[in-house]
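Trainee: Shown below is the structure under consideration.
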Amino acid sequence: MKTVLRFMKPYKGLCFFTLLVTILDVAGGLLIPRLTADMVNLGVAGGDLSYMLEKGGQMILIAFLAGAGALAGSYLCADLSAKIGRDMRNAVYDKSLEFSGEDFQRFGTGSMITRTLNDINVIQQAVVWCIQMVIPVPVVCIMGTSMAFAIDSQMGLLLIGVTVLIVVLALVVTRKASEIFDRLQRFLDRMNVVLRENITGVRVIRAFHKEKREEGRMGKTFEDYAESSIQANRLFAGLDVAAFTVINLCIVLILWLGGNRIGKGFMQIGDITALTEYAILILFYIIMAQMVIILLPRARVCIRRMEEVLKTEPEIQDAIDCVKGNWDNTQEVLRFEDVNFRFSDAEENTLKNISFSCRRGETTAIIGSTGSGKSTIARLILRFHDVSQGSILLKGQDLRNLPQKELRQEISYVPQKAWLFSGTIGENLAHGKENAGKEEMLHALEIAQADFVKNLPQGLETRAAQGGTNFSGGQKQRLCIARALMKDSDLYIFDDSFSALDFKTDKALRDALKEETKEAAVLIIAQRISTILHASQIVVLDEGEIAGIGTHEYLMENCDVYRDIARSQMKGGE
């Protein structure tokens with residue numbers, strides 16, 4: 001609840017006016033039965049037409065004000081809920097941008113989507129329901145029972161007794177509902193994960209003819225969710241029956257006891273009408289509040305899940321005493337000093353005693369077998385993970401002492417998996433440099449050998465699908481390389497970014513890059529020997545350790561691991 005109040009705090013004025021008009025609507029609804037009773041007791045019984053017209057006019061005015069209050073309350077409540085939901089989603093999204101890879105793995109992509117969209121939507125609905133249906137209940141109960149006591153004390157006690165009975169019933173049902181809604185949100189997470197896997201992996205499913213298997217897996221997930229939903233609906237149905245039974249019994253008691261009280265001269269006929277309407281209003285609001293209270297456990301679960309995200313301390317954080325980089329034009333742009341790294345769930349180090357440097361105007365290449373730790377080195381440089389031991393220096397300064405934003409501004413990175421965002425090609429290139437001109441974009445595309453863009457009917461305005469699925473693997477890689485080249489950096493990292501290119505395009509791209517990045521350091525992580533033959537130095541990794549460092553010729557003579565990789569890829573005298 002504190003979390004929701006924190007998000008409501010900036011809208012104190014809106015909250016106040018929302019509650020004010022809601023109470024105005026409730027008060028109007030409670031005053032009308034009193035006027036009706038007066039019309040019957042004094043106007044109808046006494047035949048006083050002018051009195052009836054006067055009370056009728058008052059009823060119309062009160063009904064108009066109550067209706068205006070209800071309309072304004074609904075509008076203001078919806079506005080408040082939308083603003084709170086927007087702020088919550090922004091908070092969760094902004095927090096997620098701080099997460100490292102380890103943090104994301106803890107929650108999972110499907111769960112993060114559910115928490116950001118569905119969970120906050122449930123919280124928004126709960127805010128609306130609480131304001132419109134729960135908060136007015138104390139006002140209705142106090143005013144209604146007070147007016148009932150003013151008519152007859154026994155009738156007031158009857159209303160209090162019935163109210164307590166329904167509240168106790170709601171509390172019992174709420175306790176049972178909490179566990180069910182907790183399961184519902186977990187099943188919803190699972191549905192998101194399985195559905196996302198099936199949609200993104202549909203080609204693999206078809207290729208292996210596993211449609212039936214995935215249908216069964218998806219069906220099981222839907223079935224689990226449906227069973228919990230049915231249990232929740234049974235609780236609703238049971239509460240409905242019990243609540244309306246109590247209301248009807250209450251009305252019967254009012255008519256029976258009221259008739260006896262009228263016979264004894266303690267009440268008038270019109271008072272029965274007022275008491276009946278008070279009972280219906282009070283019990284109606286209580287029942288509606290009960291329905292909301294039953295749903296509140298689900299909202300509580302959603303709030304807890306949102307809090308888990310907001311309260312998570314990111315694994316990677318800026319140091320308290322971090323300072324802006326005091327950059328100079330040192331020749332040594334990057335240096336690894338005895339770096340060891342271990343994932344949190346691993347039993348041994350992924351990288352062991354890694355030491356090498358990248359110099360301005362030179363190309364450093366990293367090669368090794370699958371799982372040797374090549375891509376982990378790139379992630380450490382970008383500080384997606386922190387080293388376990390040792391240090392990484394960027395232009396003489398430890399990465400951990402630099403603000404993350406400033407660190408990443410100094411680096412251009414092409415990831416191993418080429419990824420484009422939905423939007424135009426120009427918008428994707430602008431990720432590398434905001435407000436970049438058309439000429440700059442065309443120049444970057446030319447260096448990246450992405451001349452195919454010029455031949456597209458819409459050129460830079462051609463739209464890319466999410467992930468760039470409407471382009472081939474090689475086209476995506478070249479567009480991602482062009483995006484990195486838009487940024488004027490001192491260090492360029494290409495993480496196996498040439499794997500989908502043919503040998504001719506690969507060579508042309510490397511030749512163009514050599515001239516474009518001659519004032520910067522280049523780090524190429526590759527699987528193919530042909531991509532790194534002419535690198536200034538090649539770092540060979542074997543099971544997380546450096547097996548050799550040197551040029552191609554030197555390593556062919558002195559490094560068995562490199563020689564084996566080369567022989568497996570090259571023929572004869574190549």
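Trainee: Whenever you get a sec, compute what percent of the accessible area on segment 192-302 sits on carbon and sulfur atoms (1.4 Å probe).
Mentor: Within segment 192-302, the accessible surface is 65 percent carbon and sulfur.
Trainee: Provide the net charge surrounding GLU348, with neighbours chosen by a C-beta distance below 12 Å and charges set as Lys +1, Arg +1, Asp -1, Glu -1.
Mentor: On the way: positive: ARG342, LYS352; negative: ASP345, GLU347, GLU543, GLU545.
Value of the local net charge: -2.
Trainee: Taking only C-alpha pairs under 8 Å that are 6+ residues apart, what is the relative contact order of the chain in percent? Intermediate values should be presented prior to the final figure.
Mentor: Details: 802 pairs, mean separation 81.5, N = 574.
Averaging sequence separation for qualifying contacts and normalising by length gives 14 percent for the chain.
Trainee: Which distance in Å, rounded to a whole number, links the C-alpha centroids of segment 212-271 and segment 139-154?
Mentor: Each part's Cα centre sits 24 Å from the other's.
Trainee: A further question on this structure: Extension gain ASN260-PHE17, at 0.36 nm per residue separation less the Cα-Cα distance, in nm?
Mentor: Length gained between ASN260 and PHE17: 83.1 nm.
Trainee: If you roll a 1.4 Å probe over segment 387-430 with all protein chains in place, what percent of the accessible area is carbon or sulfur? Present the calculation step by step, with values, prior to reporting the outcome.
Mentor: Working: 930 of 1850 Å².
Carbon with sulfur: 50 percent of the solvent-accessible area.
Trainee: Could you work out the local net charge near GLN154, counting Lys and Arg as +1, Asp and Glu as -1, over the other residues with Cβ closer than 13 Å to its Cβ?
Mentor: Working: positive: ARG261, LYS264; negative: ASP152, ASP271.
Result for the neighbourhood of GLN154: 0.
Trainee: Also, I was wondering about something else. For each pair in LYS212/LYS476; LYS95/LYS405; LYS405/LYS438; LYS95/LYS395, compute the distance between the two Cα atoms and list the pairs where it is over 24 Å. The partial results should precede the final answer.
Mentor: On the way: LYS212/LYS476 32 Å; LYS95/LYS405 15 Å; LYS405/LYS438 26 Å; LYS95/LYS395 29 Å.
Pairs exceeding the cut-off: LYS212/LYS476; LYS405/LYS438; LYS95/LYS395.
Trainee: With a probe of 1.4 Å, find how much accessible area segment 3-109 has per residue, and write the answer as a whole number in Å². Intermediate values should be presented prior to the final figure.
Mentor: Numbers: 5740 Å² over 107 residues.
Computed with neighbouring chains in place, this is 54 Å² per residue.
Trainee: A further question follows. Cα axis of helix 211-263 to longest principal axis of the chain: angle in degrees, 0 to 90, nearest 10?
Mentor: The answer is roughly 20 degrees.
Trainee: I've got another one for you. Taking +1 at the Cβ of each Lys and Arg and -1 at the Cβ of each Asp and Glu, which of THR200, CYS250, LEU235 sits farthest along the dipole of segment 174-260 towards its positive end, judged by Cα position relative to the Cα centre?
Mentor: Of the listed residues, the answer is THR200.
Trainee: Here is a follow-up. What FRET efficiency, computed as 1/(1 + (r/R0)^6) with R0 = 25 Å and r the Cβ-Cβ distance, is obtained for TYR75 and PHE222, rounded to the nearest 0.05?
Mentor: Numbers: r = 37 Å, r/R0 = 1.47.
The calculated FRET efficiency here is 0.10.
Trainee: In addition: How compact and how long is the chain, expressed as Rg and Dmax of its alpha-carbon atoms in Å?
Mentor: 35.2, 120
Trainee: Using a Förster radius of 41 Å, what is the FRET efficiency between ALA319 and ALA508 based on their Cβ-Cβ separation? Nearest 0.05, please. Don't jump to the answer; show the numbers that get you there.
Mentor: Numbers: r = 43 Å, r/R0 = 1.04.
Once the sixth-power term is evaluated, E becomes 0.45.
Trainee: Sticking with this one: Helix 153-200 versus the longest principal axis of the chain: what angle, 0 to 90°, nearest 10, using Cα atoms?
Mentor: Taking the Cα atoms of the chain, the angle to 153-200 is about 20 degrees.
Trainee: Just from its helices, what would the mean residue ellipticity at 222 nm be for the chain, if runs of 4 or more DSSP H residues each count -39500 (n - 2.57) and the sum is divided by every residue, rounded to the nearest 500 deg cm²/dmol?
Mentor: -20500 deg cm²/dmol
Trainee: Compute the helix-to-body angle for 269-310: its Cα long axis versus the longest principal axis of the chain, expressed 0 to 90° and rounded to tens.
Mentor: It works out to around 10 degrees.
Trainee: If you roll a 1.4 Å probe over segment 86-153 with all protein chains in place, what percent of the accessible area is carbon or sulfur? Kindly include the intermediate steps, with their values, before the conclusion.
Mentor: Working: 1820 of 2990 Å².
Accessible surface attributable to carbon and sulfur in segment 86-153 totals 61 percent.
Trainee: Now, a different point. Heavy-atom accessible area per residue, segment 448-522, 1.4 Å probe: how many Å²? Intermediate results must be reported in sequence, preceding the final value.
Mentor: Working: 3500 Å² over 75 residues.
Computed with neighbouring chains in place, this is 47 Å² per residue.
The values are calculated or read from the model by the stated rules, or taken from the named source; none is laboratory data. Just so it is clear, the structure is predicted and the values come from calculations on it, not from any experiment. Note that each Cβ is placed from the backbone with ideal geometry, even for glycine, and that neighbours are counted across all protein chains shown. Ligands, DNA and RNA are stripped out before the accessible areas are found, and what is left, the full protein with its side chains, is counted by its heavy atoms. Shrake-Rupley method; radii C 1.70, N 1.55, O 1.52, S 1.80 Å.
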